[in-house]
Amino acid sequence: MKTSLDTSRQGDLATGDDLYGFAKELYPICRSITGDGLRETLRRIQKKIPLELHEVPSGTDVFDWTVPKEWNIRDAYIKNSSGARVVDFHQSNLHVLNYSTSVRANMTLDELRPHFFTIPEHPDWIPYRTSYYKEQWGFCLTHNQLAALEEGEYEVCIDSTLEDGHLTYGECYLPGESEEEVLISTHACHPSLANDNLSGITVATHLAQYLAGRKLRYSYRFLFIPGTIGAVTWLARNHEMTGRIRHGLVLTGIGDRGGFHYKKSRRGTAEVDRAAAHALGHSGEESELLEYSPYGYDERQYCSPGFNLPVGCLMRSVWGTFPEYHTSADNLDFIQPESLAASLRLCTSIVDILESNRRYLNQNPFCEPQLGKRNLYRSTGGESIGKEINARLWVLNLSDGEHSLLDIAERSALPFPVISAAAKVLCEAGLLALTGV
Ligand code: ZN
């Protein structure tokens, strides 16, 4: 029955370089909420984990939303009168307003200005802008680039298509002993932005890779979806089975140098909220817990009142609070291998808690059992002698069928893996039995 993942043996966990390498591979692709960039990204993920691609036709009604037309882009530029590209999509895909309609025209600088987006306070950065639900065209450029443009005529081209097609999302299902599920969701719809989308993609991919082929208590469902519309679409198509989701995490912005932030589910005291808080508290990493709010990432959809799923959101720096957010400065220098690796380790710690958190019953509840005669009053390791025996006493005392191992870990302030190990030893000694919950 015991299915602890034993994350103390993490030898087969991807390294920071593996994680970063995958982010680097995906970085140049021009993703959006639909189209070939998103598809290509999902296909690269598919090379690492068993990912099923779903295609949902444009025009499909999904709750109060409609699946939009599919957007694809091949080229975009602004050429000056000598034919030189002064703005070039192939230098950065952020240069084009994401979901921009096509245009081919000759225009003066003044005619072009209403179509430009810049960030004057960071004159070397290109902003990331989208226009998913309003058809328009535009260019994003550095403020310095704009300042350098001379009056005169320019040739403008955005070679894009916006037509009926599909919305694509990827789903990776890893079956466990139970049909009850852990949902891991990450958005995959941003173009060349590293922390905001690639960090979540690479950590989720490698978490799935780590869990695949293991004996699992829960089944795991990984979603790689376009933000908002992807989550809405998935929920609309899977309304019936959402009752199976016991725990969930949205992973986003977890590659930068900032400390961790865990945003609780709407429920606030869901097991995943407590597991994340406990794992963070014992991780040695800087961290902060945030209460639920109805803005942010796809937890907004999973935690909408009709679903109210126990899904929290794990981040490092909180979106919108750092200047690099949604700009070209959220690049491969903004994330680092060590941060990605620590984020993946944290995810496995949370998963390990969820997998191993059960209730047990003390088989010898009248006074303390004599641990010494069972050779349990001595630590197997060296330094943690106090902690190990302490954990056994806590587990014996609170294992009345009411308290889970996470309850005991919280109350004893001991790390979950120590409590879990104590339960294992006590079970083997016949002093503890699973209550079946
Ligand atoms: Zn974003």
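Nothing in this text is a laboratory measurement; each read-out follows from the coordinates by a stated rule. Being a predicted model, the structure only gives us computed values, none of them experimental. Note: ideal-geometry Cβ built from the backbone for every residue, glycine included; neighbour counts use all protein chains shown.
Simple spin-label model, 7 Å along Cα-to-Cβ: E52 to K134 in nm?
3.9 nm
Can you list the lysines whose alpha carbon sits under 24 Å from that of K387, skipping same-chain ones fewer than 8 residues off?
Reachable lysines: K2, K373, K424.
Return S343, S58 ranked ascending by Cβ neighbour count within 10 Å, so the fewest neighbours appear first. Write down the numbers at each step before the final one.
Values: S343 28, S58 16.
Going from least to most buried by this count: S58, S343.
Per the Kirkwood formula on distinct C-alpha pairs, the Rh of region 359-434 is how many angstrom? If you can, show how the numbers build up before the last one.
Details: mean 1/r = 0.0831 Å⁻¹.
In region 359-434 this quantity evaluates to 12.0 Å.
Determine the principal axes of the Cα atoms in the chain, then give the extent along each, sorted from largest to smallest and rounded to whole angstroms.
92, 43, 35
Antiparallel as a % of all DSSP beta bridges within the chain, to the nearest 5?
Working: 41 of 64 bridges.
Roughly 65 percent of the DSSP beta bridges within the chain come out antiparallel.
Where in the chain are the helices, taken as whole DSSP H runs, whose Cα atoms extend 27 angstrom or more along the long axis and whose Kyte-Doolittle mean reaches at least 0.5? Before the final figure, lay out each step's value.
On the way: long enough: 337-356 (28 Å, 0.70).
Sorted by number, the helices that extend far enough and score high enough are 337-356.
With the crude spin-label approximation of a point 7 Å out along Cα→Cβ, what separation in nm comes out for R113 versus E368?
8.1 nm
Order by neighbour count: W137, W65, fewest other Cβ atoms within 10 Å first, most last. Present the calculation step by step, with values, prior to reporting the outcome.
Details: W137 18, W65 14.
Fewest-to-most ranking of W137, W65: W65, W137.
Ordered by packing density, taken as the mean number of other Cβ atoms within 10 Å over each peptide's residues, highest first, how do 306-312, 180-186 rank? Intermediate results must be reported in sequence, preceding the final value.
Details: 306-312: 20.6, 180-186: 23.9.
The most tightly packed comes first, giving 180-186, 306-312.
Ignoring everything except DSSP H segments at least 4 long, calculate the 222 nm mean residue ellipticity for the chain; use -39,500 (n - 2.57) per segment, divide by total residues, nearest 500. Numbers along the way, then the final one.
Details: 12 runs with 123 residues, N = 437.
One gets -8500 deg cm²/dmol as the mean residue ellipticity at 222 nm.
Estimate the FRET efficiency between S82 and E25 by the formula 1/(1 + (r/R0)^6), using the beta-carbon distance for r and 45 Å for R0, to the nearest 0.05.
Details: r = 36 Å, r/R0 = 0.80.
E(calc), rounded to 0.05, equals 0.80.
Hey, what did the chain get for relative contact order, percent, Cα under 8 Å, at least 6 apart? Don't skip to the answer; put the middle values down first.
Values: 923 pairs, mean separation 74.9, N = 437.
Relative contact order of the chain: 17 percent.
Taking K24 as the anchor, which lysines have their alpha carbon closer than 17 Å to its alpha carbon, excluding any fewer than eight residues away along the same chain?
Those lysines meeting the cut-off are K47, K48.
Would you mind ranking V103, V156 so that the residue whose beta carbon has the fewest other beta carbons within 10 Å leads the list?
Values: V103 17, V156 20.
So the ranking, lowest neighbour count to highest, is V103, V156.
Which of the lysines could be linked to K134 by a straight reach, that is with a Cα gap under 18 Å, when you skip same-chain ones fewer than 8 residues away?
Answer for K134, where 18 Å is the Cα cut-off: K69, listed by chain and number.
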